[in-house]
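A.B. asks: Here you go, one structure.
The values are calculated or read from the model by the stated rules, or taken from the named source; none is laboratory data. Since the model is a prediction, treat every value here as computed from it, not as a measurement. Note: ideal-geometry Cβ built from the backbone for every residue, glycine included; neighbour counts use all protein chains shown. The accessibility values were calculated without ligands, DNA or RNA, using every heavy atom of the protein model including side chains. Shrake-Rupley method; radii C 1.70, N 1.55, O 1.52, S 1.80 Å.
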Amino acid sequence: MLWTHRAGMAAAFLGSLLLVTPAFAAFSDVPSSHVNADAIAYVQTKGIVQGYADGSFKPDAPINRAEFVQILMNAIYGPSAVPMHPTCFSDVDSAAWYNRAVCLAVDKEAVGGYSDGTFRPAQNINFAEAAKIITNVMGSVHVSPDDISPYFPWYKLYIDALANQQTVPTDVMSFDSPLTRGQMAELIFRLQMQNISKPSKTYNDLAGSKAELIPFENIDIPLSFSYPIGWGDVENNPFAPNTYTYQFSELKNSPSIEIDLLPYDTGVHRFVTECQGCGEGSSAEQHDLIQEKVDLEAKTNVTVAGYKALEKDFYSGEGGNLSRSYEFFSKNYRVQAYANYGIDPAVIYPNATGGTSVTELVQAELGLEAKDPIHRLIQKHPDQNGMKQFYDNFDAFVQTMNFSH
């Protein structure tokens, strides 16, 4: 639910907040090349922030919780509009310079404090905390109990709201990163200006390969695994009898886990025809023969559920998809985990001539057989399209799987 009236009031006030001083000297420690330079210049000329006596701003220094709330509330409501207030937290003295701002933020339901009744004003504020306060104050999002998913941390809705407005600074590295003074300026600048064409991070960008993991278990198989919290809800989308396919709602390039619950003697896996005796005898005998062949062919040391896994990378043709699969064999079943990544030819091959298919582009660069395309494309294009991060996440994810059959 959007609070547009509060957002409009905040924008109107910020737009009218000017210092009497007609001109400003640039801060001595904010060169034009600084990632937050334009935002810092903006909040300076609007009178939202002041520098230090030596002419510096200290853009990369962390900002504490009291300072952040004081600057934000004064910027939006103005110093004269922030009333005197009795203390609202056990560690916020009524005479403290930030008391008015903090207690007004409580009245506006932007700040809740900690479970022990404290606010911890001197503690550096992290990005997740700042996202909640600024979205509530600026009116970007109102969170009701029905909005909160049990699969996500409390701050996801706030970060999503900022990302939807292109407001997450690109130099924020994680949810718990201490917010810097420069990033504070960037948040205010972007929310006030609106529709500026600056790159922004998303929740999934910040989740990255070190994302919090959610455990999942299917007791019918039984299969268990853990996946990054930023991948969204997991869904089982079976497309054939005795097959389970799990997909994740938040990723454009969604890893899937395919579980084929079929005995070895059905001939469904490629080793039956390639491995002498693998399709005959007991499941245990078949498994031992197959695993021996996997151990010989495996190119990596990845193990899944205690079994060494066979990795295979391939390019799937006109659809422009790179695929990686990990295949292992339990005592009774073949298990395959695979992930597809869609190539954007405009990003990977920006100078390609029109009408050239993605297949032709990949083959021209890697050769007609395109062996090990993922490893090779990541090596050739390390900063393009997020391929490396995507497959690093997938590799880590696969190794959380446990399959007890």
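A.B. asks: Within segment 86-110, whose backbone N sits under 16 Å from a point 7 Å along Cα→Cβ of Arg120?
C.D. replies: Taking a point 7 Å out along Cα→Cβ of Arg120, the residues of segment 86-110 whose backbone N falls under 16 Å are 89-92.
A.B. asks: Can you figure out the FRET efficiency of Gln50 with Thr243, using R₀ = 56 Å and their beta-carbon distance, to the nearest 0.05? Can you show the working numbers first?
C.D. replies: Values: r = 64 Å, r/R0 = 1.14.
My answer for the efficiency is 0.30.
A.B. asks: Once the Cβ-Cβ distance between Ser33 and Asn236 is put in as r, and R0 is 41 Å, what FRET efficiency do you end up with, to the nearest 0.05?
C.D. replies: Taking R0 as 41 Å, the efficiency between Ser33 and Asn236 is 0.25.
A.B. asks: Moving to a separate point now. Quick one: order Lys198, Lys58 from most to least accessible surface, probe 1.4 Å.
C.D. replies: Largest accessible area first, the residues go Lys58, Lys198.
A.B. asks: Rg and Dmax in Å for segment 47-136, alpha carbons only: what are they?
C.D. replies: 13.0, 39
A.B. asks: Could you rank the peptides 110-121, 162-173 by their average count of other C-beta atoms within 10 Å per residue, with the highest value first?
C.D. replies: 162-173, 110-121
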